[in-house]
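Only one structure is covered here, and it is reproduced in the block below.
Values quoted throughout were computed directly from the atomic coordinates according to the rules given, and no laboratory measurement underlies them. Keep in mind that this is a model prediction, so the values were computed, not measured. Cβ: placed from backbone, ideal geometry, glycine included. Neighbour counts: every protein chain shown.
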Amino acid sequence: MKRCGKCGAVWPEEGPLSFRAVCRNCFAELHACINCRLYESSAANRCRSRTTEWVRDPERANFCEEFEFREADPDSSYLRGADARRKLDKLFGDA
């Protein structure tokens, strides 16, 4: 199941993701490193691919052609982090 890396909302569409796609729930840009199956914060350039260029902000849209939307397990730490972020934003307001 494909989910937004910011709010955890399910992305229902199949097929390739547009470079300009946004989450229908929180309007976050979806073609971003944090939504890619190759993203790993501890890897070089924060990516498991050795051929990608460094991206300054992994939460912003980019034009990486190796992007593949991550299939997220609802119990993964990836989604628990998104849930925690959503709760903090709700509590303190989205800055």
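Structure notes:
- Within segment 27-50, residues that are on the phi > 0 side of the Ramachandran plot sit with their Cβ atoms under 9 Å from residues that are surrounded by 14 or more Cβ atoms within 10 Å (Cβ to Cβ) and outside any loop (DSSP other than H, G, I, E, B), at 6+ positions apart or across chains, in these pairs: Arg46/Cys33; Arg46/Tyr39.
- Selected residue (criterion: surrounded by the most Cβ atoms within 10 Å (Cβ to Cβ)) from residues of segment 1-16 that are more than 12 Å from the chain's Cα centre (by Cα) and closer than 18 Å to Cys64 by Cα: Pro16
- Among the residues listed as Arg46, Arg20, Arg60, Arg37, the single one being within 12 Å of the chain's Cα centre (by Cα), over 22 Å from Lys87 (Cα atoms) and surrounded by fewer than 18 Cβ atoms within 10 Å (Cβ to Cβ): Arg37
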